[in-house]
Structures are given as structure tokens and as C-alpha cells.
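Everything on this sheet refers to the single structure shown next.
The values are calculated or read from the model by the stated rules, or taken from the named source; none is laboratory data. Just so it is clear, the structure is predicted and the values come from calculations on it, not from any experiment. When we count neighbours, we look across all protein chains shown, and the Cβ atoms used for this are built from the backbone with ideal geometry, even at glycine.
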Amino acid sequence: MSRSARWFPVALTAALALVLTFLALPVVAVFANVGPGRLAASLAEPGVLDALRLSLLCSLAAVALIVSAGTPAAYLLATRRFRGREALITSPSCRSSSRRRPGSACWPRSGRTGSSATRSPPRARGWCSRPAG
């Protein structure tokens, strides 16, 4: 087993533990400071119900927007060829920065052969060649 193959499961486990801790800590803090009876009794307060209603409405609106706009857009990007398609696909990845070379996040990660190691990077063109800021 190579050296990089040994540290990857450890790093993956550490990252997963960090994310789960980040997500679970607020919930644990609520239940640790307030008993279940007091928490249930606080649901009758008008401010709490308004906050819960607003959270539910915002969540439903976000899901409706994602399903109604994001799903058809993803389908079209996956199945159709049109002008500007490549810019739509690469634009989020071009915003990320690369420590090795500015703009290298825009280089193709894989080609027809499945590897970008044999391909040279494209010449700098337009906004994608600028360093991320």
C-alpha cells in the first residue's frame, strides 16, 4: 500500500468526524441546557412558532426552487450541447484557487482517455485564466 493510500482513510475519517461534530454540537447544546419538558413548553410561545413557521417556509421555497430550476438545468447540461455550456459547467470550479498555478483549476481534469496527465493545459483565455481573488 502506498504512503498516500495509508493517510487517506485517516484524513477522511477526521474530516467526517469534524463535520458530524459541527452539525451535532448545536443540537446537543440545546438538549444539555434545556430539559425536554421546558423545551416542549416553549413551543407555545408566539415568537417560537413564528420562527419555526418562517424556517419551514424558507426551506420549502428553497427546495421548490432547486427542484423546479436546478433539476431541469442539470438535465439540459447533461444531455444537450449549446453555446455557453462549457462556461456554465466550468464557472464554479474556476472560482476556486489553486496554490500551484493561478487558473489551473480551469484545466480539464480528464479527457477522452480518462487522464489529464498526458494533456497540456489550454492557453490562457479570458476570465478563466485570471488568478482567483
The one condition ALA17 fails out of (1) surrounded by fewer than 10 Cβ atoms within 10 Å (Cβ to Cβ); (2) at pLDDT 90 or above; (3) not charged (D, E, K, R) is (1)
For residues in segment 69-103 being of a type in the set (Ser, Thr, Tyr), within 19 Å of the chain's Cα centre (by Cα) and not in a loop (DSSP other than H, G, I, E, B), which is modelled with the lowest pLDDT? SER93
Can you spot a residue in segment 54-65 that is without any contact (Cβ under 8 Å) to a residue 12 or more places away in the chain, in a helix (DSSP H, G or I), out of contact with any Phe, Trp or Tyr (no Cβ under 9 Å at 6 or more places or on another chain) and surrounded by fewer than 10 Cβ atoms within 10 Å (Cβ to Cβ)? no
Inside segment 32-49, can you point out the residues that are in a helix (DSSP H, G or I), exposed (fewer than 10 other Cβ atoms within 10 Å of the Cβ) and of a type in the set (A, V, I, L, M, F, W, C)? ALA32
